[in-house]
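I have placed the structure first, in the form of structure tokens, so that the comments after it can refer back to it.
Just so it is clear, none of the values below were taken in a lab; they were calculated from the coordinates. Because the structure is predicted, anything quoted here is derived from the model rather than measured. With ideal geometry, Cβ positions are generated from the backbone for all residues, glycine too; neighbour counts draw on all protein chains shown.
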Amino acid sequence: MLSVYEGFFSGGARIVHSDVVLGLREGGQHHRVLSIHGEVHREATRQRMEDDACYRKLTAADVDVTSLGRTFGTGGTDPAVFTGPELADTARATADADVILSLKEQPLALLAQAGLPRRPVVVCLHRSDPENQGRALDDLKSAIADGTVAAAVCCAESTRAAYEAAGVPSALLHVIPNGVDLIRFRPDAPRRLALRTSLDIPSTAPVIVFAARYDGMKNVPLFLAAAKAWLASTPDGHVLMCGAGMTTTNPGLAGDIADTFGDADLSGLHLLGVRHDMETVYAASDVVSLTSSWGEAAPLCLIEGMMCGAVPVTTDVGDSAAIVAGHGLVTPPDPEAIAGAWQEALANRSGYAPTLAASRERFSRTRMIASYAELIDRVYAAGAALSVTSQEES
């Protein structure tokens with residue numbers, strides 16, 4: 001198996017896919033990873049492949065990870081044009097693969113290049129807005145038309161519906177909902193206390209967490225407006241913001257905070273940046289919030305947060321409403337409504353606990369990986385049968 005990434009940078013899709021690779025390897029498959037970019041500049045953050053948590057987990061498990069060495073975000077490189085040495089590296093990486101997994105549709109511009117070994121590709125789709133990703137949808141349709149794409153994994157029903165509406169044949173679309181490691185993501189009192197102590201947050205103080213990269217789709221200004229309203233009515237409250245770009249060094253975020261809070265007290269607002277211990281952050285929190293406006297499919301933050309005992313509060317985007325049904329609250333994109341929902345979630349937190357505990361198996365990593373393995377086996381078997389037929393006809 002070969003997985004092709006656009007790059008290693010902070011985001012739920014890379015976390016899920018890397019976990020899938022690790023899980024399939026644990027099940028006996030041999031996996032390699034090829035990354036188009038070795039360094040990514042986005043969300044006001046320089047993200048080197050070697051520094052990425054997913055990269056480190058993969059290489060620690062002896063998964064071979066290589067890169068074409070490109071740098072994303074500095075301009076000057078056409079994403080659809082590849083050099084001879086880059087194509088040679090790609091050919092070597094694909095030659096031994098039986099099936100290729102493409103993390104989202106962006107790597108298809110590379111995999112469609114002439115002269116590369118032909119292997120069935122399973123493209124893994126993680127958004128609900130195919131029309132908002134530049135040329136990626138056209139690349140996907142072209143790869144389907146020429147037979148390169150054998151199947152597409154949709155992480156949510158909203159993903160399947162959006163891509164079907166965009167013209168992708170429904171027979172290619174297979175829904176495999178995201179799952180998480182239930183041993184890692186669980187309520188944990190020592191972790192809860194440890195993080196709160198490190199941030200000087202009292203053990204009984206209410207805590208809201210926002211785990212997202214600094215991107216327009218996440219609607220950070222809406223979250224900040226809700227945080228201002230909630231903190232004004234909850235003087236002992238604390239708000240944690242983590243993810244790429246969630247730091248004071250990001251001028252965009254700094255400007256958003258200044259515009260929202262002005263001279264108001266910011267002692268309850270904690271900017272944590274990229275964290276590699278999200279299980280600890282979620283365990284320390286009471287509510288996990290998402291304020292996205294578009295693009296989301298099955299947000300990992302809601303699932304991870306829920307499994308750690310935080311009550312999810314989200315806007316209605318992608319499959320978010322279905323994920324939190326019975327476990328939390330869905331809000332309109334209004335700061336006062338969101339702040340009110342946080343307060344309601346805090347007041348009823350103990351009432352949600354039994355439902356959250358009973359739903360853990362639904363969000364299991366084991367279930368997700370088994371579904372990926374089954375689909376890959378089917379794609380491989382179909383490809384092998386087609387190869388035999390072609391040989392017999394020739």
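The table that follows gives values for the structure above.
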| quantity | calculated |
| --- | --- |
| Reachable aspartates and glutamates from Lys141, criterion Cα separation under 16 angstrom, eight or more residues apart if same chain | Glu105, Asp129, Glu131, Glu164 |
| Integer Hz, Karplus 6.51/-1.76/1.60 couplings in order for the stretch 271-288, x for Gly and Pro | 9, 9, x, 6, 10, 9, 10, 4, 4, 6, 4, 5, 4, 7, 9, 9, 9, 10 |
| Net +/- balance of residues flanking Val274 in space, Cβ distance below 14 Å, scoring K and R +1, D and E -1 | +2 |
| For Ser35, residues with placed amide H under 5 Å, excluding near neighbours | Tyr5, Thr66, Ser67, Leu68 |
| Counted charge near Arg70, where neighbours are those whose Cβ lies closer than 10 Å (Asp, Glu -1; Lys, Arg +1) | -3 |
| Histogram of C-alpha separations across the stretch 189-362, 5 Å bin width, % | 1, 9, 19, 24, 23, 16, 6, 2, 0, 0 |
| Order by protection proxy (mean Cβ within 10 Å, highest first), peptides 50-61, 84-95, 151-162, 18-29 | 151-162, 18-29, 50-61, 84-95 |
| Relative contact order (%) - the chain, alpha-carbon pairs under 8 angstrom, separation at least six | 16 percent |
| Qualifying lysines (Cα of each under 22 Å from Cα of Lys57; at least 8 residues distant if same chain) | Lys104 |
| DSSP bridge pairs, the chain: antiparallel proportion in percent, nearest 5 | 10 percent |
| Helix 189-198 vs. the chain, principal-axis angle (Cα, 0 to 90°, nearest 10) | 70 degrees |
| Of Phe223, Phe72, Phe261, the one that fluctuates the most in a GNM where the chain has Cα springs shorter than 10 Å | Phe261 |
| Residues with amide H under 5 Å from that of Leu329, placed H, sequence gap 5 or more | Val313, Thr314 |
| Candidates Asn219, Asn132, Asn178: whichever shows maximal mean-square fluctuation once the chain is modelled as a Gaussian network with Cα springs under 10 Å | Asn132 |
| Residues listed by number, the stretch 3-43, amide nitrogen under 20 Å from Asp78 label point at 7 Å toward C-beta | 36-37 |
| Tilt relative to the chain, helix 365-393 - C-alpha long axis, 0 to 90 degrees, to 10 | 10 degrees |
| Candidates Ala339, Ala165, Ala109, ranked by Gaussian network fluctuation over the chain, Cα under 10 Å, top entry | Ala165 |
| Residue-by-residue Karplus 3J(HN,Hα) for the stretch 240-253, coefficients 6.51, -1.76, 1.60, Hz, glycine and proline x | 9, 10, 9, x, 4, x, 8, 9, 5, 7, 8, x, x, 5 |
| Tilt relative to the chain, helix 335-347 - C-alpha long axis, 0 to 90 degrees, to 10 | 80 degrees |
| From phi via Karplus (6.51, -1.76, 1.60), per-residue ³J(HN,Hα) for the stretch 209-216 in Hz, x at Gly/Pro | 10, 10, 10, 6, 7, 7, 8, x |
| Residues with amide H under 5 Å from that of Ala156, placed H, sequence gap 5 or more | Ile176 |
| Protection-proxy order for peptides 184-191, 7-14, 263-270, each taking the mean of Cβ atoms within 10 Å per residue, highest first | 7-14, 184-191, 263-270 |
| Space enclosed by the convex hull of the alpha-carbon atoms of the stretch 1-82, per residue, Å³ | 85 Å³ |
